[in-house]
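In what follows, a structure is listed as structure tokens, so that the remarks can point back to it.
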Amino acid sequence: MRVVIAGGHGQIALRLTKILAGDGHEVVGLVRNPAHEADVNAVGGHVAVLDLEKADVAAVADVLANADVAVFSAGAGPGSGAERKKTVDRGAAVLFADAAERAGVRRHLQVSSMGTDRVDELDPKDTFTIYLRAKKEAEDDLRGRDLDWTILRPGSLTNDPGTGKVRLADKVDRGSIPRDDVALVLAGLCDTPASIGRTLELISGDTPVSEALKNL
């Protein structure tokens, strides 16, 4: 497979790149900062330097050409303000999906967040609420597209070592999950047809990832 990852220098993306490249797949990470190229190369990926807040759809589609899977794993990050939540977590996601359609890349994975379904219950001025709303709007946009999409909503992310065991379903209780295990699930979702057209929630659990994917 040729897999293109938006947010290629992110913590989940680097883990995902290492898994996929280790299995012999070609991985291209979209990064904004050229200085990040070495980190992506170090885990077996290739780099396309492109700022999704400034690029047009044609430029992104050029990178996506001949890809088998598009993965949106970009985010403005915890230190960013409200405006960048809108331009990255929503705007860049929409642009990436536009480009996937133009390039003819049907398989599309989008990393979102648990909590987007309760955003209307939260303080609208809080930065985290703005983040969740941006993620929700990106989800809603993707659901309306003629793509083989899957939305993955992880719980609270940790840097604990992965266990390889998860709880993956349309709805799960709130909880946490190591980034290692999120990446492992994303790698499996690249080629899991049963996940197409579904919004899946993910936390740590007792089921091996391979079994959780088979049970979808």
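Figures for the structure shown
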item	result
Test: residue in segment 119-139 that is farther than 17 Å from residue 76 by Cβ and either modelled with pLDDT of 95 or more or small (Gly, Ala, Ser) (or both)	no
Selection within segment 144-157 - closer than 15 Å to residue 209 by Cα and either among the aliphatic types (A, V, I, L, M) or open to solvent by 30 Å² or more (accessible area, probe 1.4 Å) (or both)	152
Which numbered condition residue 41 fails, given (1) touching a helix residue (DSSP H, G or I) at 6+ places or on another chain (Cβ under 7 Å); (2) not in a strand (DSSP E or B)	(1)
Pairs with Cβ under 6 Å, 6+ apart, first in segment 56-77 and open to solvent by less than 30 Å² (accessible area, probe 1.4 Å), second among the basic types (Lys, Arg) and modelled with pLDDT of 95 or more	61/102; 67/2; 69/107
Residue 206 under 15 Å from the mean Cα position of the chain (by Cα) and either farther than 28 Å from residue 144 by Cα or free of Cβ contacts under 8 Å to residues at least 12 places away in the same chain (or both)	no
Residue 132, sole failed condition from (1) without any contact (Cβ under 8 Å) to a residue 40 or more places away in the chain; (2) outside any helix (DSSP H, G or I); (3) not charged (D, E, K, R)	(2)
Some residue of segment 164-176 being under 19 Å from residue 75 (Cβ atoms) and either crowded, with 19+ Cβ neighbours inside 10 Å or in contact (Cβ under 8 Å) with a residue 12 or more places away in the chain (or both)	yes
Residue satisfying all of: in segment 94-111; under 18 Å from residue 136 (Cβ atoms) and touching a residue at least 60 places away in the same chain (Cβ under 8 Å); surrounded by the most Cβ atoms within 10 Å (Cβ to Cβ) among these	96
Hey, residue 5 part of a helix (DSSP H, G or I), aliphatic (A, V, I, L, M), over 20 Å from residue 116 (Cα atoms) and touching a residue at least 60 places away in the same chain (Cβ under 8 Å) or not	no
Residue that is surrounded by the most Cβ atoms within 10 Å (Cβ to Cβ) [pool: residues in segment 78-93 that are free of Cβ contacts under 8 Å to residues at least 12 places away in the same chain and assigned to a loop (DSSP other than H, G, I, E, B)]	80
Matching residues in segment 94-112 - criterion: being assigned to a loop (DSSP other than H, G, I, E, B) and either within 17 Å of residue 151 (Cβ to Cβ) or of a type in the set (Lys, Arg) (or both)	105, 106, 112
Scan of segment 57-77 for residues that are in a loop (DSSP other than H, G, I, E, B) and touching a Leu at 6+ places or on another chain (Cβ under 8 Å), ordered by number	73, 74
Qualifying position, being in contact (Cβ under 8 Å) with a residue 24 or more places away in the chain and either part of a helix (DSSP H, G or I) or surrounded by 13 or more Cβ atoms within 10 Å (Cβ to Cβ) (or both), among 160, 141	141
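The values are calculated or read from the model by the stated rules, or taken from the named source; none is laboratory data. Remember, predicted model here, so these are calculated numbers, not experimental data. Positions of Cβ are generated from backbone atoms using ideal geometry, with glycine treated the same way; all protein chains shown enter the neighbour counts. Surface accessibility is based on the protein's heavy atoms, side chains included, excluding ligands, DNA and RNA. Shrake-Rupley method; radii C 1.70, N 1.55, O 1.52, S 1.80 Å.
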